[in-house]
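The values are calculated or read from the model by the stated rules, or taken from the named source; none is laboratory data. Only a predicted model underlies this, so the values are computations on that prediction, with no experimental measurement involved. Note: ideal-geometry Cβ built from the backbone for every residue, glycine included; neighbour counts use all protein chains shown.
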Amino acid sequence: MSRGLFILFEGCDRSGKTTQSTRLVQALKDMGIKAKLVKFPDRTTAIGKMIDGYLTQKSQLSDQAIHLLFSANRWEAMNQMRADLESGITLVVDRYAFSGVAFSAAKRLDFKWCKSPDVGLIAPDRVFFMDIHPDDAAKRDGYGEEIYEKREFQLDVRAKFFSMMDKSWAIIDAMKDVDLIHRQILLLTKKALQAQEAEPVPIAKLWT
Ligand code: TMP
């Protein structure tokens, strides 16, 4: 049995990642493919609760401390993610280490320092970058509720994402119709699954 794929959604706030990742999981399941949604930060764990307190501005943490908590929140999920991938489950992940680096580096923390705690995490096989200009994102429902939802900051975050892209990334125009985006992503995911079936690639480590 071949392993599952690690499909990642990244992007600025309110770019539609959650909508599209949820729809992708459902579509894969409808096709009989084992799939699971994973979301970072996972606010349900003890570490995740500390992160939630910070994001909703109930508690304060230094930039370095919150950065390391986001990373720890990914590390605590690794064993389960590896087990799922090895048992043939495709993981559709909503945010990951690239968000970690983009947001912290936009706060002017050193880029290399930001990457280091996430080195060695499981690497994604395919990344969909939901691209939206922060001015358009700001018009979407609920924008501005959390600490990072400010225009200049989001512009910087977007630039940081662009600096980390490689050939496994696809830039998706997040202003397009939701159904259209879904079909585009489903097609790209099917291609990735077929490629993995034809020529299996082992699970890789991030930034090594
Ligand atoms: P969410 O809206 O997808 O739940 O993410 C919450 C916020 O946390 C969002 O503004 C992005 C930010 N974030 C980081 O700063 N570092 C990280 O490692 C992750 C996963 C998210």
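Considering each of 88, 4, 48 in turn, give the residue that is crowded, with 20+ Cβ neighbours inside 10 Å, out of contact with any strand residue (DSSP E or B) (no Cβ under 8 Å at 6 or more places or on another chain), in contact (Cβ under 8 Å) with a residue 12 or more places away in the chain and farther than 21 Å from residue 157 by Cα.
From the options 88, 4, 48, the qualifying one is 48.
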(1) among the acidic types (Asp, Glu); (2) within 12 Å of the ligand (Cβ to nearest atom); (3) farther than 21 Å from residue 19 by Cβ all hold for residue 149 apart from (3)
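Quick check on segment 91-142: of everything there that is assigned to a helix (DSSP H, G or I) and hydroxyl-bearing (Ser, Thr, Tyr), which residue is nearest to the ligand (Cβ to nearest atom)?
To start, the set of residues in segment 91-142 that are assigned to a helix (DSSP H, G or I) comprises 97-106, 111-118, 134-137.
With the extra rule that they be hydroxyl-bearing (Ser, Thr, Tyr), the set shrinks to 99, 104, 116.
Values: 99: 4, 104: 6, 116: 13 Å.
That would be 99.
Kindly establish whether residue 84 is charged (D, E, K, R) and under 16 Å from residue 18 (Cβ atoms). Quick ask: steps written out before the conclusion?
Values: charged (D, E, K, R): yes; under 16 Å from residue 18 (Cβ atoms): no.
So residue 84 fails the test.
Please pick out the residue among 136, 125 that is surrounded by fewer than 16 Cβ atoms within 10 Å (Cβ to Cβ) and closer than 17 Å to residue 11 by Cα.
Working: 125 fails: surrounded by fewer than 16 Cβ atoms within 10 Å (Cβ to Cβ).
Exactly one of 136, 125 is surrounded by fewer than 16 Cβ atoms within 10 Å (Cβ to Cβ) and closer than 17 Å to residue 11 by Cα, namely 136.
Test residue 83 against the criterion of being among the small types (Gly, Ala, Ser), at pLDDT 95 or above and in contact with a strand residue (DSSP E or B) (Cβ under 8 Å, 6 or more places away or on another chain), and give yes or no. Please lay out each step first, then the result.
Values: among the small types (Gly, Ala, Ser): yes; at pLDDT 95 or above: yes; in contact with a strand residue (DSSP E or B) (Cβ under 8 Å, 6 or more places away or on another chain): no.
Criteria not met by residue 83.
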